[in-house]
Amino acid sequence: MTFPSAGSTGLKLLAAAFVAILGSSPAQAAGKSLAVGSQYDTTHVYVPVADVDAFATSFVATFGGTSTKQIVATVTPTPSSTTSQLIQTPAGTVSLFGFKTPIPYPFGNERTGYLVTDMDRAIRDARNAGASVIVEAFPDPIGRDAVIQWPGGVNMQLYWHTKAPNYAKFDTVPENKIYVSKDSVSAFIRDFLTFSKGKVVSDDKTAPGIEIGRPADTYRRVRITSDFGNMSVLVTDGHLPYPYGYETTGYEVKDLDATLAKATASGAKVLVQPYKSDKRQAAIVQFPGGYIAEIHAPLAMQ
C-alpha cells in the first residue's frame, strides 16, 4: 500500500529487474526470494488526520530524508478516504495514513508493507508457509495489495507496483519488532523463514529484561535477517509495562543523544530514557499523532 504521489520520481522503473525475476522458469522462480530489497519494507503509520503534518515534520526532522507529496486516495478494497504519503529517511521508511473516514477492518493493524516481485506467487507462498490471507488481493491506484497474518497474530501487508519504484538503500536497516508468545514463536519463526528465505542471526534465551521494561528478568530474543530487512522476535509472557509492545519498528542511528534532541525539538516525547543492552544504547519515543518507535545506536558509535 506504499503510495507516493501519482507523479512521484519514486516511481522510476526497475522493470528490467522485475522482468528478469518474473521471466524465469517456475522451477527457478520457486527458489528465489520475493523481496525487492529492505528499502521497500515500510512501516505503516496511522495517525489522526489532524496530526499528519506534525508527524511528517517531526519524523523527517528526527531522521532526515524527505516526504512525497501528500495525496488523498482510497487504499482499501471497500470505500474509504485517507491522506497518503511516503516518508523516506536514511534509517527507515514510513507509509503515513490519515484517514478522513472510519478505517475499514482489519486495516490499521498491519505493521509493515513488503514489496514483492509477484503478488500471486507471494500469496501462494505465504499460504504454503503457514500464513492466513486475511485480505485477498485488491487493486490500489498504483498496483495491488493483500494482507496476511502469521502465527501469533502478526499482520503484514504485501504490495506490488505496476511501475516498479526505485528507492535508495538505507544507511542503516530498521528492525521489525515482533512480540509473540511462547506458544506462537516456533510456528512464527518457521513459517516466516520459509516465506522470506531468511536466516536466524542470533537466539538469546536469556536476553536482558531491561529491553522489555523488566530489568530484573530475562526473556528470549531471536534476531532474523532476510531480503525483506531485519527483525527482532521478542518472546514474552505478555506482562509488559507501557509502552513496550507498541514499538513496532526499531531505527538505528549513529548518535542517539543527538537524534533524541532532534526528536524532542520537533514535538516527539521520550517515553523510555536511554538504556544500554546488547552492545546498544536505546530509547523509546512517541511522535505527534501517537506513533511509538524504538531508536538505538551501537555503543561503539556513542
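The values are calculated or read from the model by the stated rules, or taken from the named source; none is laboratory data. Please read these numbers as outputs of a predicted model, since none were measured by experiment. Neighbour counts run over all protein chains shown; Cβ positions are idealised from the backbone, glycine included. Surface areas here come from the heavy atoms of the whole protein model, side chains and all, with no ligands, DNA or RNA. Shrake-Rupley method; radii C 1.70, N 1.55, O 1.52, S 1.80 Å.
Counting only heavy atoms of the protein chains, get the accessible area per residue of the chain (1.4 Å probe) and round it to a whole Å² value. Provide the component values of the computation, followed by the final result.
On the way: 12680 Å² over 302 residues.
The answer is 42 Å² per residue.
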_Descending Cα extents along the principal axes, the chain, whole Å_ = 52, 40, 36
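Taking 0.36 nm per residue of separation and subtracting the Cα-Cα distance, what length does fully extending Ala61 through Tyr275 add? Don't jump to the answer; show the numbers that get you there.
Details: separation 214, 0.36 × 214 = 77.04 nm, distance 2.28 nm.
Full extension of this stretch gives 74.8 nm more.
Any idea what the relative contact order of the stretch 169-302 is, in percent, if you count C-alpha pairs under 8 Å spaced at least 6 apart? Walk me through the intermediate numbers first.
On the way: 254 pairs, mean separation 31.4, N = 134.
RCO, the stretch 169-302: 23 percent.
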_At 1.4 Å probe size, with the rest of the protein present, what percent of the exposed accessible area of the chain is carbon and sulfur atoms?_
53
*How long is the stretch 39-184 along each principal axis, judged by its Cα atoms, biggest number first, in Å?*
41, 36, 33
_Per residue convex hull volume, Cα atoms of the stretch 232-302, in Å³_ = 86
*For the chain, what does -39500 (n - 2.57) per DSSP helix run (n ≥ 4), summed and divided by total residues, give at 222 nm, in deg cm²/dmol to the nearest 500?*
-6000 deg cm²/dmol
*Label-point separation (nm) for Asn109 and His239, each offset 7 Å from Cα along Cα-to-Cβ?*
2.7
*So what's the convex hull volume per residue for the Cα atoms of the stretch 84-167, in Å³?*
113
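For the stretch 152-246, what does the equivalent ellipsoid look like in terms of its semi-axes, each the square root of 5 times an eigenvalue of the Cα gyration tensor, given largest first in whole Å? Walk me through the numbers before you get to the answer.
Details: eigenvalues 145, 45, 35 Å².
For the stretch 152-246, the semi-axes come out at 27, 15, 13 Å.
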*Roughly how many nanometres apart are two label points built 7 Å out from the Cα toward the Cβ at Ala187 and Thr78?*
2.6
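Measure up Lys199/Lys254; Lys182/Lys205; Lys205/Lys254; Lys205/Lys276 against 21 Å on the Cα-Cα distance and list the ones that go over.
Values: Lys199/Lys254 26 Å; Lys182/Lys205 11 Å; Lys205/Lys254 28 Å; Lys205/Lys276 18 Å.
From Lys199/Lys254; Lys182/Lys205; Lys205/Lys254; Lys205/Lys276, over 21 Å: Lys199/Lys254; Lys205/Lys254.
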_If I stretch the segment between Val200 and Lys163 completely, what's the gain in nm (0.36 nm per residue apart, minus their alpha carbon distance), one decimal?_
10.1 nm
